[in-house]
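The values are calculated or read from the model by the stated rules, or taken from the named source; none is laboratory data. Just so it is clear, the model here is predicted, and its values are computed rather than measured. Cβ atoms come from the backbone with ideal geometry, glycine included; neighbour counts cover every protein chain shown.
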């Protein structure tokens, strides 16, 4: 008996869409304003998952320059039919106030690795679209519909319309097939067919602590849909280790077993989920009267035992990128724009990542920032940087980042009296602060930077030789880097990485020799552990 440990995708991996193609399983997750768009993971056993790439790698597929925080790619749906992969996704341009501008697209590929096609525009009526492939070959788009009118339910139901593959567009009438249950906030629809029933799986209750998965069924694709009498079929209870359970997606194994991928969160103090919304997996079963149930009850399980499953591989979470390749590793992401020679290079100086400073940390357009997901509440990150700032408007360093409002930044800059200096910037809810009473003078232009993260606490260090480390500042509460710590709901998670700014417009560069990411035991010691993710430093 082998065990799957949840979350299977730790750190910021929300809105999972799971599908099987032959013996292979794939999960696609939301990426919001981070580029490339949509992460795809692969597994042969449901326990061990490898990031294999991103389908949205070109600006022609995803143009997010200027997109708002927590805009961009929402809730992708990955499906497979007749030897072809289909990916539906939303590019959200606005999301506050009465209106939401949510543009839905389709791309396809013959192989999961790509190449993926140019996008086909579908509609903009709402978000969380998915594609259902009927047995007769027809294809149907379902999405929630957004109702901006005063006094109406903004989550106006689940609409269905046929997609013509020949014409590459939606055709025929639009039908509202499901208005939701009393839980409300009905979204994330997926349709499955089994034993003559069409099952409509939706997310309800909102994507916070009341989140849930609900089920309804009909003998006709067009409804009416009968609500499962035991809804919700999955939701978190107050004592569950995994909170926010919802946004479910189903997959059937070749042996006829069923599983549900869903998002969840692991809070620290004050119910703040620093890592963001993660992906977990639950085993499911069918009742004698053909309703689906989560094995073990409606609460999410942290471990599920599966007979005959290949045990997960033991992998040390100790990754170092020396930037010796001509391409960035899969783990790296940028904000809103592709990796181009305009602002980054792995070839201008061999063995280094060179970043060219452009706009500030507040920019929704051209930030020169490269980062990876934080996947553990106990971690240590380190880099070595060479930088020669000429004025105070030029800065570079190590950043812990949520969005343009919330980050903590250990950075080198220039002071007219002292020359090169090291300081710490914290932006909390958009309010700028500098945490050191006196910045540290740096006698050289090469500096080693380190951050240690232990649950909600952050400590920065620096070194001039990479051996002897000096504490810069500790006990920084960085729990404001979470979905919950904002006036308006947001959806991403904490990233750690490197960045350069030159708001003087002179495009000053900084060179990074390496980046190290280590996960730690609680209390700060290093360890080797079993990991769900393998090969995370595969090349893009």
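Picking from residues in segment 171-187 that are surrounded by fewer than 18 Cβ atoms within 10 Å (Cβ to Cβ) and in contact (Cβ under 8 Å) with a residue 12 or more places away in the chain, the one that is farthest from the chain's Cα centre (by Cα) is 173. Exactly one residue out of 456, 438 is assigned by TED's automatic domain parsing to the domain that holds residue 395 and touching a helix residue (DSSP H, G or I) at 6+ places or on another chain (Cβ under 9 Å): that is 456.
Listed by position, the strands (runs of 3 or more DSSP E) enclosed by segment 39-111 that each have at least 2 residues that are closer than 16 Å to residue 121 by Cα are 72-81, 84-94, 101-109. Scanning segment 138-148 for residues that are part of a loop (DSSP other than H, G, I, E, B) and touching a residue at least 24 places away in the same chain (Cβ under 8 Å), which turns out farthest from residue 77 (Cα to Cα)? Step by step, filter segment 138-148, then rank; the result is 148. Of note, residue 484 does not satisfy the criterion of being touching a helix residue (DSSP H, G or I) at 6+ places or on another chain (Cβ under 7 Å), surrounded by fewer than 21 Cβ atoms within 10 Å (Cβ to Cβ) and over 30 Å from residue 128 (Cβ atoms). Within segment 386-419, the set of residues being more than 27 Å from the chain's Cα centre (by Cα) and buried (at least 20 other Cβ atoms within 10 Å of the Cβ) comprises 387, 389, 394, 395, 412, 413. In segment 241-252 there is no residue that is exposed (fewer than 15 other Cβ atoms within 10 Å of the Cβ), free of Cβ contacts under 8 Å to residues at least 24 places away in the same chain and either assigned by TED's automatic domain parsing to the domain that holds residue 458 or out of contact with any helix residue (DSSP H, G or I) (no Cβ under 7 Å at 6 or more places or on another chain) (or both).
When residue 403 is tested against (1) under 29 Å from residue 328 (Cβ atoms); (2) assigned to a strand (DSSP E or B), just one condition goes unmet, and that condition is (2).
Sub-7 Å Cβ pairs linking a first residue in segment 423-441 that is within 10 Å of residue 409 (Cβ to Cβ) to a second residue that is not in a strand (DSSP E or B), at least 6 apart or interchain, are 423/436; 423/439; 424/435; 424/436; 426/435; 427/361; 427/405; 427/406, ordered by first then second residue. Listed by position, the strands (runs of 3 or more DSSP E) enclosed by segment 283-345 that each have at least 1 residues that are modelled with pLDDT of 95 or more and buried (at least 16 other Cβ atoms within 10 Å of the Cβ) are 292-294, 318-321, 333-335.
Taken together, 48, 123, 82 contain a single residue that is at pLDDT below 95 and either surrounded by fewer than 22 Cβ atoms within 10 Å (Cβ to Cβ) or on the phi < 0 side of the Ramachandran plot (or both), which is 48.
Going by the structure shown, is residue 265 on the phi > 0 side of the Ramachandran plot and either modelled with pLDDT under 95 or buried (at least 20 other Cβ atoms within 10 Å of the Cβ) (or both)? Steps first, please.
Details: on the phi > 0 side of the Ramachandran plot: no; either modelled with pLDDT under 95 or buried (at least 20 other Cβ atoms within 10 Å of the Cβ) (or both): yes.
So residue 265 fails the test.
Condition check: surrounded by fewer than 21 Cβ atoms within 10 Å (Cβ to Cβ) and either modelled with pLDDT of 95 or more or assigned to a strand (DSSP E or B) (or both). Does residue 132 satisfy that? Criteria not met by residue 132.
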